[in-house]
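Every read-out reported here was derived from the displayed coordinates using simple, explicitly stated rules and does not represent laboratory data. It should be emphasised that the depicted structure is a prediction, and the values quoted were computed from it without experimental measurement. Virtual Cβ from ideal backbone geometry, glycine too; neighbours counted across all protein chains shown.
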Amino acid sequence: MKEIPAAKGHWLFGHAMALSKDPLQMPADIANRHGGAVQFRVLHRPFLAITDPVLARHILQKNPDNYPRSFHYESGSITIGHGLLTVEDERWRRSRKMMQPVFRIDPVREVAAVTARCWNDAEQDCRKQMAEGRAVDMVQVCQRLALDVILRALCSLQLEAEQLTHFGALVKASLLRLRLRNNAIVSPPLWLPAPNNRVIHQVRRELDAFLGPVVEGCREHPEGDDMLCALARARDEQGGAFTRQELLDETKTLFAAGFETTATAMAWVMCELADRPDLCDRLAAEADGAFGVAEVSRSTIDQLPLAGRVVEEALRLYPPVYNLGRHSRQDDEVNGVHIPGGVDILISVWGMHRGIHWGETAGQFDPDRWLPDRRPARDAYMPFAAGRHTCIGIHFALVEMQMMVALICHRFRLRWASGAATPSVRPQITASTDGPVWLELASR
Ligand code: HEM
């Protein structure tokens, strides 16, 4: 059996400093340099970094029982509780089965109309700033829009702009603090009143105070037509419903997982579109055809194939979830390669999406690579992971983003504001821009 090569690190710390400094680029680079898989150490802890799609799919899809999610996910439960992202085995299986029907493509098509309604408010906001002669920070626009969509679709909540900003900042703060905790070489126990811990506890209290009453409302009146009410009506095989705490934890999980990811990816779409006025014009023409004839409906997204390719390409070049963390329970073998047991695994989606499978143009933004006759390397593409933990919100996110791209290009021409800096990637919980994306918008 072949052993996976080992990267040489510091004699005491191994690769601890490099990983803590750049959890996005470091695993991507060393795995790609070593042919798709490499062993390394973080202090005494053995790790594997993987960008090889065959190994990754084996871990995620073929033998997932041997590879539960790594310790990185556990810390999420401090703020978002024990929902789909943070529980394993039987508890996860029951919840996933109860939730899956709500997230099928058919019911989720309604998200197209929700996105269009939310966009009306976001567009007014943009126009106000334009009227004052100001550039618009599209990071803020996309964040508020993504949050508005998920709040309205999930629990029919319509917040004012300032409330959206506050709630968005709250979820982001919780994610950031958890990342700091995950990447710290040593984390203080949670009961210590350390600054990071204090923020984590405060965020949890605020999230509970905000969402608790919403969840109770849905449990008392589950006949509503939003997704949370559908979850309140869901039953397991024994006929049992989610308890109040379970429903609250799943709601917090859906917010945490479903708003920052979409907003981050949309911010990168904005950067790419600002560089390509010709592509924006094509998108606007496509949107004219789709929105010109009738109200946005469940079939609108079928008329937006170019917007769909833009979204697929953005999720390739800028996958918001840049690493998937797993832990190997026991020794395993894939095509003659030995995967040791007791090891933490980082599947670098970032490295895979920019690796050899994408040829010489891997680093370029080219939506047309997704045309079927171009045969894109789908095996080496997993922005929503693969196997049983594949993102439950995949259809939600795709419909929402496809609509956002079409709606924005339909109404505005985009170009960089004068003096605006092109952002670099900052690995927070998601692969975010390292600052605002200032664009000048002009009406079409
Ligand atoms: C562009 C947007 C999104 C991306 C790139 C994304 C990506 C992912 C990835 C990679 C995972 C798997 C994590 C792992 O197992 O290690 C995941 C899981 C999950 N996502 Fe998403 N996601 C997005 C949007 C959403 C939305 C909109 C929702 C909810 C409305 C959502 C809810 C979830 C949940 C609940 C899980 C846990 C699933 C499970 O383990 O059964 N995500 N997502």
Checklist entry - With each pseudo-label sitting 7 Å past Cα toward Cβ, what's the residue 45-residue 11 distance in nm, one decimal? => result 2.4 nm
Item to check | Stretchable slack from residue 225 to residue 134, in nm (0.36 nm times residue separation minus alpha-carbon distance) | outcome: 28.8 nm
Next on the checklist: Rg/Rh for the chain to two decimals, with Rh computed the Kirkwood way over all alpha-carbon pairs.
Outcome noted: 0.96
Checklist entry - Would you list 424, 95, 297 from fewest to most Cβ contacts within 10 Å? => result 424, 297, 95
Item to check | Volume in Å³ per residue [convex hull over Cα atoms, computed for the range 348-444] | outcome: 149 Å³
Next on the checklist: Could you identify which residue out of 107, 277, 195 has the top mean-square fluctuation in a GNM of the chain using Cα springs shorter than 10 Å?
Outcome noted: 195
Checklist outcome for this item: TM-like helix rule applied to the chain (DSSP H, alpha carbon span at least 27 Å on the long axis, mean Kyte-Doolittle at least -1.0) gives 111-131, 161-183, 195-220
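In square nanometres, what is the average projected area of the Cα convex hull of the range 13-55?
Directional mean of the projected Cα hull area for the range 13-55 stands at 2.8 nm².
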Item to check | Estimated [θ] at 222 nm from DSSP helical runs (n ≥ 4, -39500 (n - 2.57)) normalised by residues in the chain, nearest 500 | outcome: -15500 deg cm²/dmol
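Test of understanding: what is the full-extension gain from residue 198 to residue 71, defined as 0.36 nm times their sequence separation minus their Cα-Cα distance?
Extra length available between residue 198 and residue 71 comes to 43.6 nm.
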Checklist entry - Among 105, 75, 15, whose Cα sits farthest toward the positive end of the charge dipole of the chain (+1 at Cβ of Lys/Arg, -1 at Cβ of Asp/Glu, about the Cα centre)? => result 15
Checklist entry - Scaled to the compact-protein estimate 2.2 N^0.38 Å, what is the alpha-carbon radius of gyration of the range 214-310, rounded to two decimal places? => result 1.54
Next on the checklist: Here is the link list: 21/172; 21/252; 62/97. Which ones come out longer than 26 Å on Cα distance?
Outcome noted: 21/252
Next on the checklist: Rounded to two decimals, what is the ratio between the C-alpha radius of gyration of the range 267-421 and 2.2 N^0.38 Å?
Outcome noted: 1.24
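Out of all DSSP beta bridges with both ends in the chain, state the antiparallel percent to the nearest 5.
Of the beta bridges lying entirely in the chain, close to 80 percent run antiparallel.
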Item to check | Cβ-Cβ FRET estimate between residue 241 and residue 302, R0 fixed at 30 Å, reported to 0.05 | outcome: 0.30
Item to check | For the range 85-156, diffusion coefficient by Stokes-Einstein and Kirkwood Rh (Cα), 4 °C, 1.567 mPa s, µm²/s | outcome: 89 µm²/s
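Determine the relative contact order of the range 333-444: mean sequence separation of Cα pairs under 8 Å and six or more apart, normalised by residue count, in whole percent.
Once divided by the residue count of the range 333-444, the mean separation gives 17 percent.
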Checklist entry - When 310, 199, 111 are ordered from fewest to most other Cβ atoms inside 10 Å of their Cβ, what list results? => result 199, 111, 310
Checklist outcome for this item: Which residues qualify? For residue 412, with a placed amide H closer than 5 Å and at least 5 residues away or on another chain, they are 444
Checklist entry - Once fully extended, how much extra length lies between residue 163 and residue 88, figured as 0.36 nm per residue of separation less the alpha-carbon to alpha-carbon distance? => result 23.7 nm
Next on the checklist: To make sure I understand, if each residue's beta carbon is the centre and we count other beta carbons within 10 Å, what order do 264, 253 fall in, fewest to most?
Outcome noted: 253, 264
Next on the checklist: So the label point goes 7 Å from the Cα of residue 124 along Cα→C-beta, right? Which residues of the range 134-167 then have their backbone N under 12 Å from it?
Outcome noted: 160-161
Checklist outcome for this item: By the Kirkwood definition, with r running over pairs of different Cα atoms, the range 305-395 has a hydrodynamic radius in Å of 14.7 Å
Checklist outcome for this item: With +1 at each Lys and Arg Cβ and -1 at each Asp and Glu Cβ, the charge dipole magnitude of the chain around its Cα centre, to the nearest 20 debye, comes out at 920 debye
